[in-house]
1. On the basis of being part of a strand (DSSP E or B), charged (D, E, K, R) and either more than 26 Å from TRP293 (Cα to Cα) or under 23 Å from the mean Cα position of the chain (by Cα) (or both), does ASP137 make the cut?
2. Scan segment 256-275 residue by residue and report those that are farther than 15 Å from SER229 by Cβ and surrounded by 13 or more Cβ atoms within 10 Å (Cβ to Cβ).
3. I'd like to know if segment 130-141 contains one or more residues that are within 26 Å of TYR301 (Cβ to Cβ), at pLDDT 95 or above and among the charged types (D, E, K, R).
4. Would you be able to say whether some residue in segment 1-15 is loosely packed, with under 10 Cβ neighbours inside 10 Å, at pLDDT below 90, under 30 Å from GLN242 (Cβ atoms) and more than 25 Å from the chain's Cα centre (by Cα)?
5. In segment 267-288, how many residues are under 20 Å from GLY248 (Cα atoms) and assigned to a loop (DSSP other than H, G, I, E, B)?
6. I'm trying to understand the selection: among the residues of segment 153-167, which are under 16 Å from ASN83 (Cα atoms) and among the polar types (S, T, N, Q)?
7. Looking only at strands (runs of 3 or more DSSP E) that fall completely inside segment 182-260, which ones have 1 or more residues that are under 30 Å from GLN154 (Cα atoms) and touching a residue at least 12 places away in the same chain (Cβ under 8 Å)?
Amino acid sequence: MNQVVRRATTWAILLCTCVTLLLVRTATAQSTQGFDNSAKALATGTERKAQNNLFVLEVNLKPPRMISVDITDPKTGIKKRNNVWYLCYRAIRRQIEQKQDQSDTTPRNIFDPPPTNPTTGKLSELMFLPEFTLVTDDNGIQNIYDDEILPEAQAAIMDRERQVFQNSVEIVGPIPPITAVGATKLNARYGVAMWRGIDPETDHFTIFMTGFSNGYKLVYGPVSYQDLSQLVKNSKLRISDQVWNGTGNWLTAGELGNLFDARKIPPPNAIDAVWYYTTSTDRLADGPPPQIWRKTLIQKYWRPGDQFDENETEFRQDDHQGNTHEPTWIYRPDNVVFQPLDKPENTKLPGKDPDQPNNNIPKPSEEKAIELSE
């Protein structure tokens, strides 16, 4: 009898455990709604001080998926079957988490006040303008695919996902109100990015996402460490400017080696590294135009390419070595060069003069060298 009771008790405990685990997993699934891959709204102290109207949105991603859809050619009116890759996302505005700034400097961009509406004089609304670029990288060959507006695919995606998603045009508008951590109701925007014509044999690809932050830097470079030292001597580099050597975080120039303090030593590999540095708008008329670098979210993926049997379940965030790629905030250069309105037409172009460092823009194949986790 005791043995029967013990067995019944054991089974009851196992049953309760299974039910509890099921309820926990169900609750978790309901709370995330499948947006399990998350990038927090992060900004360093240096970023916050340099840009007083900075916003960074929390971005939640679903896994990339594929869907086969008949899409009408607008020129011919003929429908053709397309394999569409898509990424569903959720954007939430949080109070920005600020990493501790260990520097003893207080950089502040006092020349770029928050933008105002010219009619009302009130602060302009911060706008949400997401853009998505998918870049494949296989055997040293890169192909770039921009997010497309595909209404027929969008309708099929919403039917499949059982949720309303806006495309990258429909979703444009003011950034959402702040949602407190732990709030039961999210002031979220739900969107979908879509691509077609992607090489089915693609193994490695990266998705670049802009518009989830208005963070930017006006950047010169690459230059040498000796160039930086000369810029300091010529009062062209300020202690509050930011510098970067292609790895780690941007630093204020006052933190970097012996640039502003001769008692210190240069940083490791200072001579061999290439350096980038920021400027402010009050100095633009005195030199060549800088490059705009924008705060960008990237997510790397891997899949075994197969042109005969494409399968969305093969999308992975881990690589062949088992390393998991999390969504990462970086600063990435635009293709446009910042031109001030009052810039003289005969401004000298960048050259070898340390006062006018070379402003070569990294090519797409060099983007890995400028990826920066904040």
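1. Working: part of a strand (DSSP E or B): yes; charged (D, E, K, R): yes; either more than 26 Å from TRP293 (Cα to Cα) or under 23 Å from the mean Cα position of the chain (by Cα) (or both): yes.
Spelling it out, ASP137 is indeed part of a strand (DSSP E or B), charged (D, E, K, R) and either more than 26 Å from TRP293 (Cα to Cα) or under 23 Å from the mean Cα position of the chain (by Cα) (or both).
2. none
3. Scanning segment 130-141 turns up at least one residue that is within 26 Å of TYR301 (Cβ to Cβ), at pLDDT 95 or above and among the charged types (D, E, K, R).
4. Our first condition is that a residue be loosely packed, with under 10 Cβ neighbours inside 10 Å; within segment 1-15, this holds for 1-5.
Among the residues that remain, those that are also at pLDDT below 90 are: 1-5.
Those left that are additionally under 30 Å from GLN242 (Cβ atoms): none.
No; the residues of segment 1-15 include none that is loosely packed, with under 10 Cβ neighbours inside 10 Å, at pLDDT below 90, under 30 Å from GLN242 (Cβ atoms) and more than 25 Å from the chain's Cα centre (by Cα).
5. Step one: filter segment 267-288 for residues under 20 Å from GLY248 (Cα atoms), giving 267-279.
Filter again for assigned to a loop (DSSP other than H, G, I, E, B), leaving 267-274, 279.
The total comes to 9.
6. Matches in segment 153-167: GLN154 only.
7. 188-196, 204-210
This table checks each residue for (1) at pLDDT 95 or above; (2) over 29 Å from THR328 (Cβ atoms).
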{"site": "PRO222", "(1), (2)": "no, no"}
{"site": "GLN230", "(1), (2)": "yes, yes"}
{"site": "ASN234", "(1), (2)": "no, yes"}
{"site": "TRP250", "(1), (2)": "no, no"}
{"site": "ASP261", "(1), (2)": "no, yes"}
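The values are calculated or read from the model by the stated rules, or taken from the named source; none is laboratory data. Predicted, not measured: the structure shown is a model, and the values here were computed from it. Cβ sites come from the backbone with ideal geometry, for glycine too, and all protein chains shown count toward neighbours.
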